[in-house]
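We did not get these values from a lab; they are worked out from the coordinates using the rules stated. Because the structure is a prediction, the values reported are computed rather than measured. Because the Cβ atoms are built from the backbone with ideal geometry, glycine has one as well, and the counts that use them run over all protein chains shown.
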Amino acid sequence: MDNKRKERLFVTPESITAQEIQEIRKKLQFTQAEFAQLVGCSKPTIERWERSEENISGLICLIVKMLEKYPEYVSAIKVPDKKMPLRLWYMHNQTVCTIIDVNELTRQVQITNYVDNIMFRAFGTNENPNFEEYQEFLESRCFPRSRDKMKLVLRDLDLPFYDPFLIIEKTEGRMAEDDFWIKIER
């Protein structure tokens with residue numbers, strides 16, 4: 001191993017204080033539980049950090065400095081309030097790409113995109129899909145209506161007929177050729 005002094009590549013602080021954590025949490029107007037969810041730890045960890053008389057080190061130092069500089073980022077990743085009876089989470093592996101809120105009775109659809117890459121968005125560049133486009137999207141996450149021996153596939157899924165929403169409830173909209181899937185929340 002080389003005996004050269006290790007050169008510092010970034011100005012990220014090696015540690016922060018309990019007061020710095022409290023200040024950013026209060027600036028964002030978060031409870032300890034909400035802040036814990038944002039930074040990916042438990043509420044008891046936040047409580048311990050905020051009581052600590054010693055400096056705190058680790059990834060939280062970078063997160064706090066980024067939140068101090070870009071507090072508006074929190075609103076860009078916030079999950080909107082659920083105002084419709086049905087919510088679909090369009091995912092790529094574990095990344096939320098689009099949240100789709102639907103009221104099937106009034107045929108209303110609202111979406112929130114969380115990725116910039118239009119190829120990963122449920123509706124591409126369309127920011128205001130209508131109900132028919134929503135139905136087309138659902139069908140795009142299912143096997144085709146014209147599939148050979150479709151009745152056998154439906155029987156395997158324990159479904160009486162071809163309905164894209166019911167199929168997605170069973171398959172999560174997973175397809176063999178990609179890593180996208182849909183989580184349904186009622």
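Quick look at the values:
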read-out	value
Extreme residue, positive dipole direction of the chain, given options Gln32, Trp49, Ile60 (C-beta unit charges)	Trp49
Gain upon complete extension [Asn93, Glu53; 0.36 nm per residue less C-alpha separation]	10.4 nm
Test item: Cα-centred dipole of region 92-147, Lys/Arg +1 and Asp/Glu -1 on Cβ, debye	260
Value at 222 nm in deg cm²/dmol, rounded to 500, when DSSP H runs of n ≥ 4 in the chain each add -39,500 (n - 2.57)	-10000 deg cm²/dmol
Rg to Rh, two decimals, where the chain supplies the alpha carbon set and Rh follows Kirkwood	1.13
Gain on full stretching of the segment that runs from Lys78 to Gln37 - 0.36 nm per residue minus C-alpha separation	13.6 nm
Contour excess over end-to-end distance, with Cα ends at Glu23 and Asn130 and 0.36 nm allotted per residue	34.3 nm
Within region 41-74, backbone nitrogen closer than 20 Å to the virtual label 7 Å beyond the Cα of Arg8 toward Cβ	55-69
Overall Cα dimensions of region 86-130 - principal axes, largest extent first, Å	30, 20, 10
Table column - 3J(HN,Hα) (Hz), region 41-47, Karplus curve with 6.51, -1.76, 1.60, x for Gly and Pro	9, 8, 4, x, 5, 4, 4
Long-range lysine pairs (8 or more apart or interchain), the chain, Cα under 16 Å	9
